Amino acid sequence: MTNLNIVVAGKAGAGKSSLLNYLVGNEIFETGVGLPVTKDYFDVHPYKDPLTGIQYNLFDTKGVEPDTTLEFEKAFEDKIEEYKQQNDIFKQIHTIYYCISAASKRVEPFEIEYLKKMNVIIHIVIVLTK
């Protein structure tokens with residue numbers, strides 16, 4: 001195993017960037033309170049685990065909202081297709097971590113529909129944040 005490509009998605013303010021910072025043990029992803037911080041759909045940061053030597057390509061994404069779900073789905077499907085063109089499985093996108101804020105105590109209907117559609121394309125891990 002040499003590369004793992006992981007996309008982190010969720011609503012704006014769900015804690016996507018904070019989760020990534022926690023996973024790598026460093027503040028490499030910009031975080032904030034209130035307004036969305038991550039502006040691009042796929043803000044990639046490579047991270048090499050010092051113990052295992054595995055290279056993680058971590059994709060932070062801007063928040064998914066009811067009015068941007070279709071736009072996000074299209075961008076995500078295009079990115080998966082782009083990476084699928086690689087014959088090497090370690091250059092493809094492997095999973096999506098979908099962050100849901102436990103503090104909000106709710107999952108919106110658009111999120112459920114989005115997760116159902118994306119689960120057909122790629123493995124999804126639900127992460128409760130905050």
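The values are calculated or read from the model by the stated rules, or taken from the named source; none is laboratory data. Note that the structure is a prediction, hence the values are computed from the model and not measured. Cβ placement follows ideal geometry from the backbone for every residue including glycine, while neighbour counts extend to all protein chains displayed. Accessible surface areas use protein heavy atoms only, side chains included; no ligands, DNA or RNA. Shrake-Rupley method; radii C 1.70, N 1.55, O 1.52, S 1.80 Å.
Think of the chain as a dipole: +1 on every Lys or Arg Cβ, -1 on every Asp or Glu Cβ, centred on the Cα centre; then among Thr31, Gln92, Phe72, Thr31 lies furthest on the positive end. Taking every DSSP helix (H) stretch of at least 4 residues in the chain, weighting each as -39,500 (n - 2.57) and dividing the sum by the residue count yields a mean residue ellipticity at 222 nm of -9000 deg cm²/dmol.
Here's the picture: charge each Lys and Arg Cβ at +1 and each Asp and Glu Cβ at -1 in the stretch 82-130, and of Ala103, Ile126, Leu115 the one pushed furthest to the positive end of that dipole is Ala103. Once the Cα-Cα distance is subtracted from the 0.36 nm per residue extended length, the Asp88 to Lys74 segment shows a gain of 2.7 nm. Count Lys and Arg as plus one, Asp and Glu as minus one, and take only other residues whose Cβ is under 11 Å from that of Leu19; the net charge is then +1. Sites counted here are GluC sites (Glu not before Pro) in a DSSP loop (not H, G, I, E or B) having no more than 14 other Cβ atoms within 10 Å; the longest part of the chain that contains none of them is 31-130.
Evaluate the charge dipole of the chain about its Cα centre and quote only its size in Debye, nearest 20, assuming +1 on the Cβ of each Lys and Arg and -1 on the Cβ of each Asp and Glu. Roughly 360 debye for the chain.
Among the trypsin sites (Lys or Arg not before Pro) in the stretch 1-108, those placed in a DSSP loop whose Cβ has at most 15 other Cβ atoms within 10 Å are Lys39, Lys105, Arg106. Quick check: at a probe of 1.4 Å, how many percent of the accessible area of the chain sits on carbon and sulfur atoms? That share works out to 54 percent.
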